[in-house]
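The values are calculated or read from the model by the stated rules, or taken from the named source; none is laboratory data. Keep in mind that what you see is a predicted model, and the values were worked out from it rather than measured. No Cβ is skipped: glycine too gets one built from the backbone with ideal geometry, and neighbour counts run over all protein chains shown. For accessibility, only protein heavy atoms count, side chains too; no ligands or nucleic acids. Shrake-Rupley method; radii C 1.70, N 1.55, O 1.52, S 1.80 Å.
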Amino acid sequence: MNNAKERMNFAALAETEELFAKLETSLEGLSEALAENSRDEYGDNTVTHGKKASLPERVAKAFINPFTAILFGLAVVSAFTDIIWAKPWEADPMAVIIITTMVLFSGILRFVQETRSGHAAENLLKMITTTTNVRRRETGNQEIPLEDVVVGDIVHLSAGDMIPADMRVVHAKDLFVSQSALTGESVAVEKTPEAAKGDLDALTELPNLAFMGTNVISGSAVGVVVATGNDTIFGEMAKGVSIKPVQTSFEKGVNTVSWLLIRFMLIMVPIVLFVNGFTKGDWMEASLFALSIAVGLTPEMLPMIVTTCLAKGAVAMSREKTVIKNLNSIQNLGSMDVLCTDKTGTLTLDKVVLMYHLNIHGQEDTRVLRHAFLNSYYQTGLKNLMDIAIIQRAGELQEEIDELHGLAEKFTKVDEIPFDFERRRMSVVVANGKTQMITKGAVEEMLAVCSFAEYKGNVEPLTEDIKEYILKKVDELNEDGMRVIAVAQKTDPSPVGAFSVADESDMVLMGYLAFLDPPKESTADAINALRSYGVGVKVLTGDNDKVTRCVCKQVGLPVDRILLGSDLDDMSDSALSKVAEEVSVFAKLSPQQKARVITALRDNGHSVGYMGDGINDAAAMKASDVGISVDTAVDIAKESADVILLEKDLMVLEKGIVEGRKTYANMIKYIKMTASSNFGNMFSVLAASAFLPFIPMLPIHLILLNLIYDLSCSAIPWDNVDREFLAVPRKWDASSIGKFMLWIGPTSSVFDITTYLLMYFVVCPAAAGGLMFHQIADPEVLALFIAVFHAGWFVESMWTQTLVIHLIRTPKIPFVQSRASTPLTLLTFVGIVFLTAIPFTGFGASIGLAALPASFFAWMALTVALYMVLVTFFKWIFVRRYGELL
């Protein structure tokens, strides 16, 4: 049966032994040789998430965007006007060459950066290990990577596991699976091992089949793999479908600015065309000038700058052992102003130690440890840190205490009732002459299922007085920062059918286990560091309030008021929104309550991150702006996260936040520079077009100027960012760009216009022998006048446009209080020197520029100095008025 659907139909209807025979497997699993044969026959367990973009598709994506489309259109128009329709001796391909160079430069740079970031992302994702528990004949149960699973493998599942392939359930214990990834159904469905009867409905509705991409909510199971990789239902859905991630507010903002700038250009070009056509009379020249204005107003570098900034941030974070699954998550990290975190392993060492095993009077009792060991050893669900600590402690003491020696061999397991986060307890049933149900879990939940207690050497009814006595002892341990769980047993239980939750009743409370999970030494410093960057830390834990209070107090979090899950149930959403602002510590929360707190904070306007590693954290991660997990987390937590830390340390998060803010800063610099510069150029060009008797700059000059300026801007992603900017969370605010344009844009127009006046009335007449423009009769002198004018505005535009990069990149005084990075400084000044030299070269003469007199540079120095003073003044007013520059 090579057809996967046929195999799945057969698997659903067949009895277990019949299915095993067909797949050449057994409960002992495949041999390594059979596993290799299965892999050869059915393929790897890897899913193609959409068609991988081919090289031509990636090249097309890098080059095809509104900006390069406009430039390409302008290049075509220029080809007709400058080459095809021009007289043979007037044909000039220079404009076409420069526009094409701009398109190639922007597209190639974007292609290279996206390819680099794509490879970086792939390499980082390889660092994340997701495994599953498979039984093979030679090695028994072992954790293997998901992609190594083959048809016929026997898989053991427990709470928190991602189901690695499409499989038939052959044994299940209270198994509930979330199939929302496949069916959209939010309610978990129960899975059972019985063969299906009669006609088959949709496969996803069959209770004995489990599917790749779904995850175990609670319970445990054993299943046999029937289909892998692209043959699974998940694989079929993923084939040929590229899942587009939801646009973030930042992406929407960049798109808004892009179209705003395009609209500027589309409005300006016709106005410039008609003003120049009517005032100068030469419509061809007016058309070419309007075309070059369109080139100048097109921010073709924007896609490349944004891509490069995000890619650079992700690569920088990879050096800090942090995997950014989605490039936009870098920016979301920078905008985060509240970090909600689970307590265990994040604030604490993630290494629980069993300190005491006590009877209900608080005395050491080996029987309590023995029963706890049997419960932890025989459970097949998710072994948490406490289970590991119990097994380790029993192992350490077995040489001293005969009662603990060889304990595992003396009992046989009969059944189990797996842990879930609603009951907060789990049970195993073992036999050794007699049958015993042993249950351990949270103290309150254990008291609810106990009717008796071992009190003063006797089994006594669990009265209210004894309950109070027990809770008082537990409180004393909690006050010392201990996490306490209770242990109970029931001898010879009598289930109706298989054991179930209903059998957890009338139990005998034996005693408690006290664990210490001390806070990390670095936690208090990390919390203070996050606070210094404007990020508040809130703890959302399922643990009890007393332990949580002790740990949080040690790490410097306010614990005057702790909100419990039971308090949340009685609160309306509006009341919770208010309380969530005031309270820093939330305890005894269910997964849904964690998600509700995060939603309340987001509704209040916060950008919220959530850090966790358990199955009970997945809902909270999905509800947050940025979900953060660790490589050792359960599968569903890693799947839900946007950012994965290879080291579970809050200090790494601090670096991520800084990198996110740097990324945002350098993107917003270019966006605001471009928007304000284009807005200011509108006034300059309109003034020149209306009042000058000739075109203020030839199309080739504008296009060449734009190319050199773009080259200077390409280093912005590597720029330095002021420490003060990094200290505050940064959220995308489209309105600030509009305000910035209105305030800063016109400052450049002021000095463009003064340059026109200076050139027209002072510098150009001096070069023309003291004659004003209207007094010149000699065509050669007239040409010199215009060439000097063009050269003056050409050079002044580059100086002011480039220096404004250094002015706008910081609210401080540039070059003195805040310096740009070396690459940006070098590129901008090389650009200035190179462009300033052009009028003095043969190339400059060939494109209609003339050498400038020394007096021009004296005037320009004054113009540039005054321009810098004016921009600095308006920056100061802008910051005073709106609180920030960028």
Checklist entry - Relative contact order for the chain using alpha-carbon pairs under 8 Å, separation at least 6, rounded to a whole percent? => result 12 percent
Checklist outcome for this item: Here D for the stretch 299-452, in µm²/s, from Stokes-Einstein with a Kirkwood Rh over Cα pairs at 4 °C and 1.567 mPa s, works out to 66 µm²/s
Checklist entry - What accessible area per residue comes out for the stretch 459-602, rounded to a whole number of Å², with a 1.4 Å probe? => result 43 Å²
Item to check | Gained length - Ala575 relative to Glu409, 0.36 nm times residue gap less alpha-carbon distance | outcome: 54.2 nm
Item to check | Neighbourhood charge, 15 Å Cβ-Cβ cut-off, centred on Ile401 and excluding it, Lys, Arg +1 and Asp, Glu -1 | outcome: -3
Checklist entry - Which value in nm describes the separation of the simple spin-label points at Ile877 and Leu564, placed 7 Å from the Cα toward the beta carbon? => result 5.9 nm
Checklist entry - Mean residue ellipticity at 222 nm from the helices of the chain, using -39,500 (n - 2.57) per DSSP H segment of n ≥ 4 over the full residue count, to the nearest 500 deg cm²/dmol? => result -16000 deg cm²/dmol
Checklist entry - Expressed in nm², what is the orientationally averaged projection area of the convex hull enclosing the Cα positions of the chain? => result 45.1 nm²
Next on the checklist: Net charge around Lys490, counting only other residues with Cβ within less than 15 Å of its Cβ (Lys, Arg = +1; Asp, Glu = -1)?
Outcome noted: -3
Checklist entry - What pairs in Lys472/Lys553; Lys662/Lys812; Lys520/Lys588; Lys22/Lys413; Lys490/Lys546 have C-alpha atoms more than 27 Å from each other? => result Lys22/Lys413; Lys490/Lys546
Checklist entry - What does the accessible area per residue of the stretch 714-794 come to in Å², with a 1.4 Å probe and no ligands, DNA or RNA counted? => result 42 Å²
Checklist entry - Ser684: net charge of surrounding residues, Cβ under 12 Å, Lys/Arg +1, Asp/Glu -1, itself excluded? => result -2
Checklist entry - Got a sec? What order do Val170, Val871 fall in by accessible area at 1.4 Å, biggest, i.e. largest, first? => result Val170, Val871
Item to check | Packing-based order for 857-865, 457-465, 579-587, using average beta carbon neighbours within 10 Å, highest first | outcome: 579-587, 857-865, 457-465
Checklist outcome for this item: With the 1.4 Å probe rolled over protein heavy atoms, the stretch 639-690 has an accessible area per residue in Å² of 22 Å²
Item to check | Long-range amide H partners of Asp153 with built H, under 5 Å | outcome: Val225
Next on the checklist: How much of the DSSP bridge set in the chain is antiparallel, in percent, rounded to the nearest 5?
Outcome noted: 75 percent
Item to check | Rounded, prolate or oblate (a/c below 1.5 giving rounded, otherwise prolate when a/b exceeds b/c) for the stretch 766-886 by Cα gyration tensor | outcome: prolate
Item to check | Förster radius 30 Å - calculated FRET efficiency between Gln363 and Asp506, Cβ distance, rounded to 0.05 | outcome: 0.75
Item to check | Value of Rg to Rh for the stretch 468-614 (Rh from inverse mean 1/r over Cα pairs, i.e. Kirkwood) | outcome: 1.05
Checklist entry - Longest segment of the chain with no trypsin sites (Lys or Arg not before Pro) in a DSSP loop having at most 11 other Cβ atoms within 10 Å? => result 562-886
Next on the checklist: Leaving out ligands, DNA and RNA, and with a 1.4 Å probe, what % of the accessible surface on the chain is carbon or sulfur?
Outcome noted: 58 percent
Checklist outcome for this item: Burial-style ranking of 511-519, 267-275, average other-beta-carbon count within 10 Å with highest first, yields 511-519, 267-275
Item to check | Low-density loop positions, GluC sites (Glu not before Pro), the stretch 369-449 - DSSP coil, at most 16 other Cβ in 10 Å | outcome: Glu399, Glu400, Glu422
